[in-house]
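These notes are about the structure you will find just below.
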Amino acid sequence: MKIFEWLTGYCSIEIKSWYCERVIMAAAKAGIEIWQIERINEKAVRAKIGLYDDKELLKTVESEKDKLSADTEIVILEKDGLIPWIIRHKMRSGFVAGGALCLTAIILMFSIVWSVDITGLYEISPIEFRKSLDGNGIYVGAFANGHDFDEIRLSMMREYDNIAYITFNKKGSRIQVDVTESKLPPETVNNLDYRNIIAKEDGVLIVAEAYEGKINVKSGQAVEKGDLLVSGIFPSKEIGFRLVRASAKMLAYTKKTYEAFTPYTVTEYLPTDESCRKYEISVFNINFTLPFFGSNSYDFYDEVNETVHLTAGENVLPVSVKISNITKLEAKTYTMTSEEARKKLTAEIDEIMRLDLHGLEITDTTVTFTETELGLYCRYDCTVIDDIAEPQTIHTEFTKRKTLHKD
């Protein structure tokens with residue numbers, strides 16, 4: 001039974017008619033909430049309505065009798081809920097006091113935040129993010145209502161450059177915060193700054209074109225990382241030199257190296273059919289482990305956790321059960337052949353290269369395998385065409401000229 005349904009009270013009814021659907025539609029048009037509809041047979045349907053909606057439903061059926069069959073009948077099966085319960089036990093003050101305390105506790109449950117769950121954090125520190133939430137009034141123990149989530153979202157997106165969006169979902173005493181991170185753009189030189197162009201890595205130049213600035217290299221020349229390719233200090237006949245915003249295209253053959261190692265003897269931990277469950281109850285963020293469940297002596301195991309929250313309708317109460325499914329793992333050791341080890345290493349390095357060299361042209365690849373007593377070592381030496389031009393800001397400092405005073 002849903003807790004809100006019991007608190008507000010309900011009336012169980014049975015509609016007997018060849019046109020049960022017409023009765024339900026008429027009730028909906030009259031604003032009578034009807035739920036938990038269940039067909040019993042061809043001419044009988046059971047449902048629930050509000051505690052005091054029975055008289056209104058009877059009036060509605062009377063007004064629609066021309067559209068219904070002559071044997072249409074509404075039967076009140078029972079009335080239940082908090083108010084009928086109090087009426088039945090009106091002579092027992094202890095029950096009434098207990099009900100009042102229970103109602104107070106439930107109101108408290110929904111008025112206070114008892115859980116703040118954060119998902120989607122990868123680059124951002126969860127500790128720092130939670131501190132930021134605390135500063136915006138989202139923390140365990142805060143009032144659940146009255147938060148301007150739009151304003152909180154904008155505030156936190158201004159605080160963190162790598163947050164694309166934040167979604168807040170409030171369900172009773174629980175607030176779910178779903179973060180969508182964005183990648184920070186690489187640090188670049190301000191286009192308004194004066195700059196040189198240097199080599200970001202070693203290479204042999206294929207194309208050396210300067211669009212602005214004084215070029216210091218030419219095609220076919222070998223350069224090292226950090227070498228000055230284009231100077232932003234440009235000679236000037238009038239003032240000796242002037243600063244410019246150097247820009248260039250510097251395509252070069254560069255070397256990329258990728259390495260990997262695998263032992264011939266590999267141990268894997270595989271799941272078995274043996275498993276158990278462990279239960280942990282959380283009430284107002286106080287955890288209680290049930291000791292008579294989930295006892296195991298597994299040396300190796302895999303654990304998958306699932307948390308089930310007690311709900312009242314769509315609202316989440318500060319009571320939950322964490323179910324831990326524990327599966328025993330069995331260690332299995334096997335020895336790979338040289339060919340199997342080669343395929344494994346090749347697949348690993350190919351995947352790394354696919355991501356690292358995306359969009360670049362690979363002109364040559366040399367693969368070397370070296371066998372050792374422990375396993376197989378693999379090395380890829382690749383020649384890649386890449387633009388090695390990297391901007392470097394020219395830092396300038398202006399000082400006031402000293403005034404000479406004649407004695």
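The values are calculated or read from the model by the stated rules, or taken from the named source; none is laboratory data. Small disclaimer: the values here were computed from a predicted structure and weren't measured. So basically every Cβ, Gly included, is an ideal-geometry build from the backbone, and we count neighbours across all protein chains shown. Surface accessibility is based on the protein's heavy atoms, side chains included, excluding ligands, DNA and RNA. Shrake-Rupley method; radii C 1.70, N 1.55, O 1.52, S 1.80 Å.
Residues that are within 30 Å of ASN305 (Cβ to Cβ) and among the small types (Gly, Ala, Ser) number at least 3 in none of the strands (runs of 3 or more DSSP E) confined to region 207-285. As for region 357-378, it holds at least one residue that is within 36 Å of the chain's Cα centre (by Cα), exposed (fewer than 12 other Cβ atoms within 10 Å of the Cβ) and in a strand (DSSP E or B). Just for region 132-165: of the residues that are of a type in the set (A, V, I, L, M, F, W, C) and loosely packed, with under 14 Cβ neighbours inside 10 Å, which one is farthest from the chain's Cα centre (by Cα)? Across region 132-165, the extreme among qualifying residues is PHE143.
Name the residue that is farthest from ALA27 (Cα to Cα), counting only residues in region 64-77 that are part of a helix (DSSP H, G or I) and out of contact with any helix residue (DSSP H, G or I) (no Cβ under 8 Å at 6 or more places or on another chain). Ranking the candidates gives ASP66 first. Applying the condition of being of a type in the set (Asp, Glu) and open to solvent by 90 Å² or more (accessible area, probe 1.4 Å) to region 229-272 and asking which residue is farthest from VAL204 (Cα to Cα) yields GLU238.
Cβ separations smaller than 7 Å between residues 6+ apart or across chains give the following pairs from region 272-297 residues that are under 12 Å from ASN325 (Cα atoms) to residues that are part of a loop (DSSP other than H, G, I, E, B) and at pLDDT below 75: CYS276/GLY294; CYS276/ASN296; ARG277/PHE293; ARG277/GLY294; LYS278/PHE293; LYS278/GLY294; TYR279/PHE293; TYR279/GLY294. The residue list PRO263, PRO235 contains one member that is out of contact with any Ser or Thr (no Cβ under 8 Å at 6 or more places or on another chain), of a type outside the set (D, E, K, R) and farther than 22 Å from THR393 by Cβ, which is PRO263.
Among the residues of region 38-55, those that are over 19 Å from ASP71 (Cα atoms) and modelled with pLDDT of 85 or more comprise GLU38, LYS48, ILE49. Scanning region 292-301 for residues that are surrounded by 15 or more Cβ atoms within 10 Å (Cβ to Cβ) and not small (Gly, Ala, Ser), which turns out modelled with the highest pLDDT? If we take residues in region 292-301 being surrounded by 15 or more Cβ atoms within 10 Å (Cβ to Cβ) and not small (Gly, Ala, Ser), then TYR301 is modelled with the highest pLDDT.
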